[in-house]
Each structure stands twice: as structure tokens, then as C-alpha cells.
Amino acid sequence: MVLQEQSRGIPKSGQNCCIGILVNPRAARDVRRLVTGASSIPVSERIAICHRIIRGLSALDIGQVLMMPDRDNIALKLKTAVERDRSLTSAELPKVRILDMPVTDSAKDTLEAVQMMLKAKVGAIVVLGGDGTHRLVAHACGKIPMACISTGTNNAFPGNPEATIAGLAAGAVGRSLVTPDVVCHSNKRLCVRVNGQDTIPALVDVCITTDTQTGTRALWRSDRLRKLFLTFAEPGQVGLSSIGSLISPTSREDNNGLVIDIDPTAKEFKKLMAPIAPGLFEPVAITNYEPISINQKCVLDNSVGTLAYDGEREVTVFSGDRIEIALDRRGPRTIDMTKTIENIAYSGLLIDDDTLQSDR
């Protein structure tokens, strides 16, 4: 076989490129560890995942990585490990810079860190977390592409790529070595207004529950679910989106979402057994379901309970509150790992012409 001769190799100008890595140290640590079969991810594994991301970025000559500080010192321990690698192997790894910001151990940290990354003009952000973490990053990141890695409880939105490949893809997009419009997806989202006030949009689901307090926030009791809005419902997931996937599968590319009415007190309903959390099948009393179109708005004003976004209760609502929920396609841009690696292959970025052999 003869390889075609063309301009190949990595342009040596990546040292000025900066990539963000956002790790939620609290992902996969909520109460569902106790009430379901959900597992947790230790700090050591989160650091190892980030280390592989760094290796992927180094293949494309990325100069610097920005990270959010945290109380588990994930960023600091990674920085130490990367500096040790650089000194022992002379590897050209990106420098790790920890953002100078206070640590509150809350959602505020994620939002502030992403805003600082935007000011630093990062080319892409690699996100480690579940649906809730990605929701926060998506709200703050604007048009900066996200490379998504599942490390949460319910991981319907992020995929589960090998971290090395995620780093490689993020570096290629961040340096514009591939065309972002070709390898990045635009995503749907659910925008919610309560009494005229905007809230942070959801990426996967919004659910009205009968719980009168947010409590531990996580959802795992199906008898308290009442109305469920989904941006997509792809088979093979756990969480609330699994309910939709088992009655009306809906893809991310479809120009509609799904609305499901749930009421175990109704006279007539269809009982569906759904995996609403890892290792937990619960009966769901479905009274009706129908598609919701892009830009369609649903208005509710007689709900009492809480609004849950991407699996976590967040807003308490009372009778008479006006709730407006609309589906649109102005969500975050996410990197398609497969398409990105295909484009890397077609462009010959990782082929060194000096070692090219023509005949077999």
C-alpha cells in the first residue's frame, strides 16, 4: 500500500494554546451511594484520568492547562505528577496552572472557574463530572467547545471516552487543527423561568416533583415524580431519561424532546419499570407522553413541590407560581470524539513525513 504524500505533521505553534480541565471533586459522592447501587470514583482515579488527558494534549504540543482548585487537591496533585514526569522523562507536557480563586466547595466554584477560563481564552474545556456538572459548565462556557467525560452518578449527557483520546480531541479542536463546525455538535437544552426569573438551563431533564424541600437534592423515589421534560431519551442510559427511552426513544439529533406525565394516584396509568438510578429499578406510573418541539413553550401554574434539573432538586415552587419551560437548540457545543479522530487521521496530523515508508 502506498501512503499519499501530503502536508503532514503537527504545526509547531501550540505552546500558546491553553486548554481548561474542569474536575468536579464532589461528582459521584451524593446520597445515592447509600440508597442505590451507584459507585464512587476515588481521588486517585480522578487524578489518573486527568494525567491521561495531559498525555493526549501533549501529542498536539499544547502549552498550558488551566484547572480549578479544590479541597481534595486534585489539581495540585496533578501538577506535581506532571512536573515529576517532565523532570524524569524530558517529556514535553503542558504546564498545569491552577486558577487563583477561593474554594467554596459549591457550584459557585465551577461557574467562577469557567468564567476565568473564558477570560484566559482557552480553546476547549475538558469536563469530568455527571449531568449536573456539565449543566453548570455549559451555562458559563458560551461557545467554547466541551469534551465530556463521565465521572458522575447519572451520566446521560457526557460520554465515556478514554481520557487520552479526550485530551487529543480537545487539543485538536482547541488549536483549530480540525474544523470545529465539522466535529462539534450543538445540543438541545430546557430553559426554565419561574415567575419571570430565568434559571440555569437543563441539558437532559427537568422534573416537577411532589417533594416540598430540595433536601439532599438527588432523586431516587419514583412515586414523587409528576411531570418530566426531556431533551433526549437515548437507550442505554440510567436516570430519568431512561423513562423516556423505554417508551419513546428520542435522539440528541431529533428536532423534538419529550414530555411525560406521571401520577401513581391516577385511576388509570401504565406502570413502567425503569432504571432511574444505577442499580435501582423503580415503577413509574405513566398517564401520558408526547413530543415537545424546538422553541415550544409549556406553561404551568398549579404545581406544588420542587423543580429538579438534570436529576437534582433545586427550586421549590408553590401554587400560583408561573413556570415556563421551553426546549431550544442553543445549548453547549460538544466535541464528537469519533469525528475528531477521523479528521486527525485524514489530515495526517500524527504522521511524521521523515518516517513515511511508501511501499509494502
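A short reminder: the numbers here are calculations on the coordinates, not readings from a lab. It should be emphasised that the depicted structure is a prediction, and the values quoted were computed from it without experimental measurement. Positions of Cβ are generated from backbone atoms using ideal geometry, with glycine treated the same way; all protein chains shown enter the neighbour counts.
As a length-normalised measure over Cα pairs under 8 Å and 6 or more apart, the relative contact order of the chain settles at 20 percent. Helix content alone sets the calculated 222 nm mean residue ellipticity of the chain: runs of n ≥ 4 DSSP H residues at -39500 (n - 2.57) each, divided across all residues, give -7500 deg cm²/dmol. How far, in degrees from 0 to 90, does helix 74-89 lean away from the longest principal axis of the Cα atoms of the chain, to the nearest 10? Between helix and principal axis, roughly 20 degrees.
Each residue in 84, 97, 55 was given a count of other beta-carbon atoms within 10 angstrom of its own, and listing them fewest first yields 84, 97, 55.
The string of couplings for segment 45-55 from the Karplus curve (6.51, -1.76, 1.60, θ = phi - 60°) is 6, 4, 5, 4, 4, 5, 4, 5, 4, 4, 4 Hz, one whole number per residue in order, with x for Gly and Pro. Between residue 254 and residue 162, the modelled label-to-label distance comes to 3.3 nm, taking each label 7 Å out from Cα in the direction of the beta carbon. Under 12 Å from a point 7 Å along the Cα-to-Cβ line of residue 100: which residues of segment 108-136 have their amide N that close? Backbone N within reach: none found. Shown for 238, 96, 103: other C-beta atoms within 10 Å of each C-beta, ranked fewest to most, produce the order 103, 96, 238. Fewest-first ordering of 89, 216 by other beta carbons within 10 Å of each residue's beta carbon gives 89, 216.
Rounded to the nearest 10 degrees, the inclination of helix 131-141 to the longest alpha-carbon principal axis of the chain is 60 degrees. Each principal axis of the Cα cloud of segment 189-328 was taken in turn, and the coordinate range along them, longest first, works out to 35, 32, 29 Å. By the rule of a C-alpha distance below 29 Å, with chain neighbours fewer than 8 residues away ignored, the lysines paired with residue 271 are 188, 227, 297.
Under 5 Å between amide hydrogens, built in the peptide plane, is the criterion, and for residue 211 it picks out 306 among residues at least 5 positions away or on other chains. For segment 322-328, the Karplus equation 6.51 cos²θ - 1.76 cosθ + 1.60, evaluated at θ = phi - 60°, returns couplings of 9, 10, 10, 10, 9, 9, 9 Hz by residue, with Gly and Pro reported as x. For segment 104-130, the residues whose backbone nitrogen is under 20 Å from a point 7 Å from the Cα of residue 186, taken along Cα to Cβ, are 124-125. Listed by chain and number, the lysines whose alpha-carbon sits under 21 Å from that of residue 79, ignoring those within fewer than 8 places in the same chain, are 95, 121.
Taking one quarter of the surface of the convex hull spanned by the alpha-carbon atoms of the chain gives a direction-averaged projected area of 20.0 nm².
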